[in-house]
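Engineer: Dropping the structure in here first, questions after.
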Amino acid sequence: MALNVPGLIVMAGFYLVILCTGIWASMRSKKEEKKCTGDGMEITLLAGRNINQLVGIFTLTATWVGGGFILGIAEATYNPTLGAVWALMPVPYVLTFFLGGFFFAKPMRENKYVTMMDPFQHKYGNVLSSALIFPALVADVLWVARTLVSLGGTMSVILDLSYIYSIIVSSVIAIIYTLLGGLYSVAYTDVLQLILIFVSLWVCVPFLLTNPHSLDISLTAYNQTFQAPWVGTVELDQAGKWFDDFMLLALGGLAYQAFYQRILSASSYTQAQVTCFASSAFCLVLGIPSVLVGAVAASTDWNSTRYGLPTPYDRGQAGSILPIALQFLTPTYVSIVGIGAVAAAVMSSMDSALLSSASLFSSNIYKNIIRKQASDREMQWVIRISVVVVGLAGTALTFLDSSVLVFWLVGVDMSYTIMFPQLVCVLFFKMSNGYGATVGLLTGIILRVMSGEPLIGLPPAIKFPGCRLDAEGKMTQFFPFRTAIMFISMASILIFSWLTYIIFNKGLLPERWDVFNTKRGIQPAVVPARGERRPRTGRIEDEAAAKQLLSTTSC
């Protein structure tokens, strides 16, 4: 294949528009900083908690509709061993947003937290919360790497361009506009990117459905005479694994900082709710084109195309089925439009991961632990440096593709099996304390490691019911073991929190041994004013005073 020059020109124009939009948004961010007499860090990280409703909906949707979303749904639908019923992402994401809007938005928004980790820091103190921040930071770095890898693979198919070059360019563009304007730049570029995703994918669908090499997808949905039906099935002995994957996607997303960055940027709890509910509908609509691409690919006689035999699945290229289908089943100009959708999806997720990790480090580690008296100007530079470091780290990891997959899997599992139960307990159970959180953290990590992981060749030391060899001969847990670990971790937090509260408040152990100070009583996590020195436990006694102090720092 020759280098696709027209495609390169179109992509260069796309990146230029995105960069200009980000720069324009950064100028707006600077204007808001001049108007505001409070905390400039909130302008950068949360757009002054006054982001436009429609912009908020677009940026939350774009964060979840990334390269993995578009490519993953098409891959699962095309894969003859899976099918569309295993393309889970759109429906679980609806549950994510509804649960987030109904239950999590209110305590996070009304306490005026800056990051997801604030309630941990305020209730458990700095030491334990630092241990919990680490997996969240790692997950964001790996999120950056995986999105860049998906873009590189797509460009290499359609443009015949080495994915290394596309990765570097995309990374540089995203880093520049994110560090210039913070959430303002991320949000307004997300608006443009989401529009491009929607238009580009739906432009490609008619050409795919009417190409001469594929059968009518309505005929191949359940018919096994041509190929495996693209709708797919969930056998009874696979139901546990299907349910586990569903819950991982639905609840794991509630433990990501990127989600709360959008919630906390809303001007009110009601606006945050509307943002969540509207975004769920957008996710469903944006998942349909990828399902159709996978269905068309599964209904295609590849021997009649320029691709030839063996099929993409037999060549181990099922993960690239979307760009392959665009390249060989649509005109060239249409495939170029399609790659614009993938590029937009990737960048909309990458910039979110960059700002998410920068928020955690700058607010929860640097400002609250390293330099509590850091000036506003100093914090702006810390945020920018954090964005650059995370971007470079994620880009560097793209050269270790297989290893990135391993760590990305660990990050997703950690957010569900460890971070989600911790977040539920710290927000909704006043009895939770540092002792229970520590036991829950260790329990979740140990059980997850001992459960094994076939993708990295780690055999299970604990075999749940239904554990057996899969189609590839790897020992796999078909029981919803990650969901079981999540509940066990949550139960550990609550039980040990209750036990230690009883032990110290009944005088069974000396008060001087109570490092988490449970004798002060079970109290909710309350956010202190920025820059105020916290007591040893990180709690503030007077909640009303804390909120009054904090209100003076917002615009």
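Engineer: With a Cα-only, solvent-free Debye model of the range 227-317, what are the log10 I(q)/I(0) values at q = 0.13, 0.14 Å⁻¹?
Structural biologist: -0.74, -0.80
Engineer: Using only the alpha carbons of the range 1-123, determine the length spanned along each of the three principal axes and report them from longest to shortest in whole angstroms.
Structural biologist: 57, 38, 26
Engineer: Ok, one more. Provide Rg over Rh for the chain; use the alpha carbon set for both Rg and the Kirkwood Rh (inverse mean inverse pair distance). Don't jump to the answer; show the numbers that get you there.
Structural biologist: Details: Rg = 24.0 Å, Rh = 24.3 Å.
Taking Rh as the inverse mean 1/r over Cα pairs, Rg/Rh reads 0.99.
Engineer: Moving on to the next point. Between Val85 and Ile445, with labels modelled 7 Å along Cα→Cβ, what's the label distance in nm to one decimal, could you check?
Structural biologist: Result: 3.9 nm between the two label points.
Engineer: Still on this structure, I have one more. Please work out the Cα convex hull volume for the range 454-515 and give it in Å³ per residue.
Structural biologist: On the way: hull volume 7.5 nm³, N = 62.
Here the figure is 121 Å³ per residue.
Engineer: Moving on to the next point. Return the tail of the calculated pair distribution for the range 57-124, meaning the percent of Cα-Cα pairs more than 14 Å apart. Before the final figure, lay out each step's value.
Structural biologist: Working: 1584 of 2278 pairs.
The share of Cα pairs beyond 14 Å in the range 57-124 comes to 70 percent.
Engineer: Using the basic label-point model (7 angstrom from Cα toward the beta carbon), what is the Val17 to Val389 distance in nanometres?
Structural biologist: Taking the simple label geometry, Val17 and Val389 are separated by 3.6 nm.
Engineer: Within 12 Å, Cβ to Cβ, of Gly391, how many net charges do the neighbouring residues add up to if Lys/Arg are +1 and Asp/Glu are -1? If you can, show how the numbers build up before the last one.
Structural biologist: Numbers: positive: Arg384; negative: Asp140, Asp351.
Around Gly391, the charge tally is -1.
Engineer: For the range 133-143, just list the computed ³J(HN,Hα) in residue order, Karplus coefficients 6.51, -1.76 and 1.60, θ = phi - 60°, integers in Hz, with x standing in for Gly and Pro.
Structural biologist: 5, 4, x, 5, 5, 4, 4, 5, 4, 6, 4
Engineer: Structure shown: which of Lys31/Lys372; Lys31/Lys123; Lys123/Lys506 lie over 31 Å apart, alpha-carbon to alpha-carbon? List each step's numbers first, then the result.
Structural biologist: On the way: Lys31/Lys372 26 Å; Lys31/Lys123 35 Å; Lys123/Lys506 21 Å.
Too far apart for the 31 Å limit: Lys31/Lys123.
Engineer: Could you tell me the calculated FRET efficiency between Trp242 and Lys430, based on Cβ-Cβ distance and R0 = 30 angstrom, to the nearest 0.05? Present the calculation step by step, with values, prior to reporting the outcome.
Structural biologist: Numbers: r = 35 Å, r/R0 = 1.18.
Taking R0 as 30 Å, the efficiency between Trp242 and Lys430 is 0.25.
Engineer: Ok, one more. Rounded to the nearest angstrom and ordered from largest down, what semi-axes does the equivalent ellipsoid of the range 300-393 get from its C-alpha gyration tensor (root of 5λ)? Can you show the working numbers first?
Structural biologist: Values: eigenvalues 433, 37, 11 Å².
Over the Cα atoms of the range 300-393, the ellipsoid semi-axes are 47, 14, 7 Å.
Engineer: Sticking with this structure for a sec: Leu469 to Lys30: extension gain in nm, 0.36 nm per residue of separation minus the Cα-Cα distance?
Structural biologist: Details: separation 439, 0.36 × 439 = 158.04 nm, distance 5.73 nm.
Fully extending the segment from Leu469 to Lys30 adds 152.3 nm.
Engineer: A follow-up question, please. Quick one: which residues, 5+ away or cross-chain, put their amide H under 5 Å from the amide H of Glu453? H built at 1.01 Å from N.
Structural biologist: Leu458
Engineer: Order these peptides, 246-256, 464-474, by their mean beta-carbon neighbour count within 10 angstrom, highest first.
Structural biologist: Details: 246-256: 22.0, 464-474: 11.7.
Final packing ranking: 246-256, 464-474.
Engineer: Run the helix sum for the chain: -39,500 (n - 2.57) per DSSP H stretch of 4+ residues, divided by residue count, reported at 222 nm to the nearest 500 deg cm²/dmol.
Structural biologist: -21500 deg cm²/dmol
Engineer: Along the charge dipole of the chain, pointing to its positive end and built from +1/-1 on Cβ of Lys, Arg, Asp and Glu, which listed residue (Ser362, Cys204, Gln327) has its Cα farthest out?
Structural biologist: Among Ser362, Cys204, Gln327, the one farthest towards the positive end of the dipole of the chain is Ser362.
Engineer: Sorting check: for 77-83, 343-349, which peptide has the highest mean count of neighbouring beta carbons within 10 Å, and how do the rest follow?
Structural biologist: On the way: 77-83: 21.9, 343-349: 29.7.
Per-residue Cβ counts within 10 Å, averaged per peptide and sorted highest first, yield 343-349, 77-83.
Engineer: Dipole of the chain, Cα-centred, from +1 at each Lys and Arg C-beta and -1 at each Asp and Glu C-beta, to the nearest 20 debye? Write out the running numbers ahead of the final one.
Structural biologist: Numbers: 36 positive and 31 negative charges, 385 e Å.
So the dipole magnitude of the chain works out to roughly 1840 debye.
Any read-out appearing in this document is the output of simple, stated calculations on the displayed coordinates, not a laboratory observation. Given the structure is predicted, the values throughout are model-derived calculations rather than measurements. Positions of Cβ are backbone-derived with ideal geometry, glycine not excepted, and every protein chain shown enters the neighbour counts.
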